[in-house]
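Working notes, structure below.
Any read-out appearing in this document is the output of simple, stated calculations on the displayed coordinates, not a laboratory observation. Here the structure is a predicted model, which means the values were calculated and not measured. Virtual Cβ from ideal backbone geometry, glycine too; neighbours counted across all protein chains shown.
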Amino acid sequence: MPTSSTFGASAPLTAAPASCADVDAVHAAPSWEEIVETHSARVYRLAYRLTGNPHDAEDLTHDTFVRVFRYLDSYRPGTFEGWLHRITTNLFLDRMRRKQRIRFDALSEESAARLPAHGGGPEQAWDQHHFDDDVQRALESLAPDFRAAVVLCDIEGLSYEEIADVLGIKLGTVRSRIHRGRARLREELAHRAPKAERSRATRMPEVQPAL
């Protein structure tokens, strides 16, 4: 789990308060260490559920707080947690898109045959929250855009409107991604459903709404 020492900064923040009403904040400005200690667990939890492994989650958490520190002066009044959600999720999506570009640009047929099979290491489980490995694998099967929407909604508890703001997309797109992501999760986790429910699901396919 990342701690404040991970980010190598402990000097007090000197950013001005968000509004004139926050005059008292000038005398009680939180230190960088306090911000990291307060929010690192939340950011790491989201990062882990997006990336699926501790190493990438730590890297993503580190990059998130570097971005927060760099742009704190530009932060405007609002939900600080929402700002963290936005930064973490967008950094994750940027990473995934960059990896996909590298993969498709650099991969030849010859090198593709030598690629290792996809899969996580034994450190996949995150002990602190005992996150279900089966569910985590199902989440990893989702396309990054769908995964981000489902995690923000069903795990982080954000509303559709908040997710639209975090991801910078339309409300209808949020609904579509969550609906399709949940449908894929049900398919991936069908083996855990009671036998009668699995049988009913195979007989009655879900009708997709018109987009």
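Annotations
- FRET efficiency, 1/(1 + (r/R0)^6) with R0 22 Å, evaluated for Phe80 and Lys170 via beta carbons: 0.35
- DSSP-assigned coil residues among trypsin sites (Lys or Arg not before Pro) in region 150-190, each with at most 12 further Cβ atoms within 10 Å: Lys170
- Note on Tyr48, Tyr160, Tyr71: ascending count of other Cβ atoms within 10 Å places them as Tyr71, Tyr160, Tyr48, the fewest first.
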